Amino acid sequence: MDILWAENNPLTAREVGKLIADRDLAPTTVMTVLDRLTRKGFLRRTRDGRAWRYQPAESRDSYIAELMLEALDMTGDRSAALTRFAKAVSGDEAEILRKALQELEEE
């Protein structure tokens, strides 16, 4: 996913395989993983001749935000979890949260 998020254009399995520098993976392994990620909804693919081109279905930020919401759903006390989270972020991060909440209120 990191490779596909870093690219601005959809990539073939062969292109993804070439960009995985630290592993010597068989092309079929890369294709299998990309196919599974597509079936799970993490990737979209389009036909390009005989090959498929893959791209993320969502941005990294959207994916991480969804993970955060799923984690929040697992708590029995959302208010306590949000409060603990707010106390754990840095001052700069807290300011970003304040601005985002203010923008939501103004909408």
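The values are calculated or read from the model by the stated rules, or taken from the named source; none is laboratory data. The structure presented is a predicted model; accordingly, all values stated were derived computationally and were not measured. Note that each Cβ is placed from the backbone with ideal geometry, even for glycine, and that neighbours are counted across all protein chains shown.
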Original post:
Out of (1) closer than 30 Å to LEU82 by Cβ; (2) crowded, with 16+ Cβ neighbours inside 10 Å, the odd one out for ILE64 is which?
Top reply: (2)
**OP:** Check MET68, MET31, MET74 and return the single one that is out of contact with any His (no Cβ under 8 Å at 6 or more places or on another chain) and in contact (Cβ under 8 Å) with a residue 12 or more places away in the chain.
**Re:** MET31
Original post:
Consider ARG45 against the criteria (1) under 21 Å from VAL16 (Cα atoms); (2) not assigned by TED's automatic domain parsing to the domain that holds ARG14: it satisfies all of them except one. Which criterion is unmet?
Top reply: (2)
Original post:
When residues of the range 1-31 are filtered for being over 19 Å from the mean Cα position of the chain (by Cα) and either of a type in the set (S, T, N, Q) or assigned to a loop (DSSP other than H, G, I, E, B) (or both), how many remain?
Top reply: 8
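Residues are listed down the side, and each one gets a yes or a no for (1) more than 13 Å from LEU4 (Cα to Cα); (2) modelled with pLDDT under 95; (3) in contact with a helix residue (DSSP H, G or I) (Cβ under 9 Å, 6 or more places away or on another chain); (4) not acidic (Asp, Glu):
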{"site": "LEU19", "(1), (2), (3), (4)": "no, yes, yes, yes"}
{"site": "ALA26", "(1), (2), (3), (4)": "yes, yes, yes, yes"}
{"site": "THR29", "(1), (2), (3), (4)": "yes, yes, yes, yes"}
{"site": "ARG36", "(1), (2), (3), (4)": "yes, no, no, yes"}
{"site": "LEU43", "(1), (2), (3), (4)": "no, no, yes, yes"}
{"site": "THR46", "(1), (2), (3), (4)": "yes, no, no, yes"}
{"site": "ALA51", "(1), (2), (3), (4)": "yes, yes, yes, yes"}
{"site": "PRO56", "(1), (2), (3), (4)": "no, no, yes, yes"}
Original post:
Among the candidates ARG39, ARG23, ARG45, which residue alone is surrounded by 13 or more Cβ atoms within 10 Å (Cβ to Cβ) and of a type outside the set (Ser, Thr, Tyr)?
Top reply: ARG45
Original post:
In the range 32-87, how many residues are outside any loop (DSSP other than H, G, I, E, B), under 22 Å from the mean Cα position of the chain (by Cα) and closer than 19 Å to THR12 by Cβ?
Top reply: 17
Original post:
Before we move on, is PRO10 buried (at least 16 other Cβ atoms within 10 Å of the Cβ) and closer than 30 Å to ALA86 by Cα?
Top reply: no
Original post:
Just to be sure, is ALA94 assigned by TED's automatic domain parsing to the domain that holds MET31 and surrounded by 12 or more Cβ atoms within 10 Å (Cβ to Cβ)?
Top reply: no
**OP:** Could you please find all residues in the range 10-28 being aliphatic (A, V, I, L, M) and in contact (Cβ under 8 Å) with a residue 40 or more places away in the chain?
**Re:** LEU11, ALA13
